[in-house]
1. Within the stretch 288-320, take every residue that is touching a Pro at 6+ places or on another chain (Cβ under 8 Å) and within 30 Å of Glu472 (Cα to Cα) and give me the one that is surrounded by the fewest Cβ atoms within 10 Å (Cβ to Cβ).
2. Of the conditions (1) buried (at least 21 other Cβ atoms within 10 Å of the Cβ); (2) more than 23 Å from Pro244 (Cα to Cα); (3) modelled with pLDDT of 95 or more, Ser119 clears all except one; give me its number.
3. Would it be correct to say that Phe427 is of a type outside the set (Ser, Thr, Tyr) and within 25 Å of Met53 (Cβ to Cβ)?
4. Mind listing whichever residues of the stretch 341-351 are over 28 Å from the mean Cα position of the chain (by Cα) and either open to solvent by 50 Å² or more (accessible area, probe 1.4 Å) or within 20 Å of Asp111 (Cα to Cα) (or both)?
5. Looking only at the stretch 289-337, which residues are within 20 Å of Ile276 (Cβ to Cβ), without any contact (Cβ under 8 Å) to a residue 40 or more places away in the chain and not hydroxyl-bearing (Ser, Thr, Tyr)?
6. Among the strands (runs of 3 or more DSSP E) contained in the stretch 177-287, which hold 3 or more residues that are surrounded by fewer than 18 Cβ atoms within 10 Å (Cβ to Cβ) and out of contact with any Lys or Arg (no Cβ under 7 Å at 6 or more places or on another chain)?
7. Just name the residue that is surrounded by the fewest Cβ atoms within 10 Å (Cβ to Cβ) out of those in the stretch 355-389 that are in contact with a Lys or Arg (Cβ under 8 Å, 6 or more places away or on another chain) and not in a strand (DSSP E or B).
8. Just to check your reading of the model, which residue among Arg39, Arg49 is at pLDDT 95 or above and either surrounded by 24 or more Cβ atoms within 10 Å (Cβ to Cβ) or not aliphatic (A, V, I, L, M) (or both)?
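The values are calculated or read from the model by the stated rules, or taken from the named source; none is laboratory data. Fair warning: this is a prediction, and the values are worked out from it, not measured in the lab. Every residue, glycine as well, gets a Cβ built from its backbone with ideal geometry; the counts of neighbours run over all protein chains shown. Quick note on the areas: whole protein, heavy atoms, side chains included, nothing else; ligands and nucleic acids left out. Shrake-Rupley method; radii C 1.70, N 1.55, O 1.52, S 1.80 Å.
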Amino acid sequence: MSNTAAHSKQPIAQRYDAIIIGGGHNGLVCAAQLVKSGRKVLLLEASPRLGGMAATREFAPGFHASVTQAMPQLSRKLIDDLQLQQHGLSFAATALPTTALDLNGQHLRIDSTGLHGASDADSQAYGQYLALMKKFAAAIDPFWYKPPPMFGEGQPSDFATLGQFAWKLRKLGKEDMREFMRMIALPAQDLLDEYFQSPLLKAALSWDFLVGNKLAPRSPNNAVLNLLLKMTGNIGALDSLPLPRGGGSGLCQALAKSAEHHGAELSCGNRVKKVIVDQQKAIGVELANGTRILGRAIISNADPKSSFFKLLGAEHLDIEFTHRINRLRNHGMVAKVHLALDSTPRFTGLDSIDGRLLLAPSMQFIENAYDYAKYGEIAEQLPMEIFVPSLYDDSLAPKGKQLLSALVQYCPYQLKEGNWQEQREYFYDNVICSLEHYAPAIRGQIIAREVLTPYDLEQAFNNPGGHWHHGEFAIDSWWMNRPSYGASQYRSPVENFYLCGAGSHPGGGIMGAVGSNAANAVIGDNG
């Protein structure tokens, strides 16, 4: 498994059209788009490998995993524009279903043909529900891939974007437009209670409303937006989950090769100490070793707080702006657990494992786990999303063995008592106990494990708060408010300093839209 160490060369020039800080997937997309436009581009990554949280790492001998799982938000257009398949991207699976596990073995399966194991009433309601969600997703999909509008001092393009958005909603028809405006403010619980009867089905469908954020089924004002952001891709969609070969690095290596093919320089092991500012303009970067490199545009793939306070420096920003950035909610609530298994796990009532498994018997079960986490505590029973990706990709585990990858909600960043060194074993044991309700023999199959709490994600990936999306995705931090007024169009109050990380519009997830949108902003500003 390549760890992209070949990109650890030192920069060979001292002046660039664009310098990108951070080699996550959005930084790589931004680099590839800029170099294709004829810019001289340098990307600097502090760690030994590219990819950030999407990178595939060996956590035990022969076992490889990435923090990311499936990639439902990935678009065919990005793949084609950057010729990623020609640069090695391939998929181990593209249409994985979802199975909601029932404690009594009466599981529900959701795939491209509909529901299996549900009542006739729920199956009929699901068809109506899915059709409406797809209609809403199609209406707002174009706006994920363009800069959000700006009020006040907006340009004609901003008013055009607002007009296009209003027209797209109007084309839904009066009834559906009203329904969109009503549903966008509903908690997941209220919305799903309107459609379905089965507690297991409602819990399974609520997962994609909530995952990655500090949200639970009863949290208001966030249900539809989170789901629609996850429905942006067209490799898979709500009912199918694409899995890249090689894990997250399968995509990131293809992005790196695409960028290098067009002439970008990608340099690992080079930590940027600060952005150089002269007369309120960003003019370059200074590395940890003291090297200074000049650039016409400086683009940060880091989270907004790190970008503005650690790299740029608060002394270059006005107090109102720094207050807004300080208030961003960036404490994560998701942990990632990787298990190296000596054989294929067996789940009660399943003849074989196919796709994604959800362990959440009801929305109340999810809400209970959230209640513990929001007060800094760890629930005994934890909801989770499970893949066994080595069933589809033999590069992830030794022959005859399997990798189990679990995304666990809810895991607090800050603990009410003690610290994560003291509480790690307790959390891990609760994860395994929760798993044993569905896979009774799982504990005896474990060879090795990796537990990544939000605190660990902060330490390992220079991501303060350990939030997957560099900050909450909600109505108050969406579109023209992401990450905040004054930095919502990838630009910042300091000229020539840009953002291309998940804290900017449209947000987190493996889709590359932020990197692409940021590249277009740089191109537009610099001709």
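1. Taking the candidates together, the pick is Asp318.
2. (1)
3. Numbers: of a type outside the set (Ser, Thr, Tyr): yes; within 25 Å of Met53 (Cβ to Cβ): yes.
The answer is yes for Phe427.
4. The initial filter retains those residues of the stretch 341-351 that are over 28 Å from the mean Cα position of the chain (by Cα), namely 342-343, 346, 348-351.
Passing the criteria: Asp342, Arg346, Thr348, Gly349, Leu350, Asp351.
5. Answer for the stretch 289-337, where residues must be within 20 Å of Ile276 (Cβ to Cβ), without any contact (Cβ under 8 Å) to a residue 40 or more places away in the chain and not hydroxyl-bearing (Ser, Thr, Tyr): Asn289, Gly290, Phe309, Lys310, Gly313, Ala314, Glu315.
6. Details: elements: 241-244, 265-268, 272-278, 281-287.
Answer list for the stretch 177-287: 272-278.
7. First pass over the stretch 355-389, keeping only residues in contact with a Lys or Arg (Cβ under 8 Å, 6 or more places away or on another chain): 362-363, 367, 374-377, 385-387.
After this cut, where a residue has to be not in a strand (DSSP E or B) as well, the list is 362-363, 367, 374-377.
Values: Ser362: 17, Met363: 26, Glu367: 18, Lys374: 14, Tyr375: 10, Gly376: 13, Glu377: 15.
Looking at residues that are in contact with a Lys or Arg (Cβ under 8 Å, 6 or more places away or on another chain) and not in a strand (DSSP E or B), I get Tyr375.
8. Values: Arg49 fails: at pLDDT 95 or above.
Result of the check over Arg39, Arg49: Arg39.
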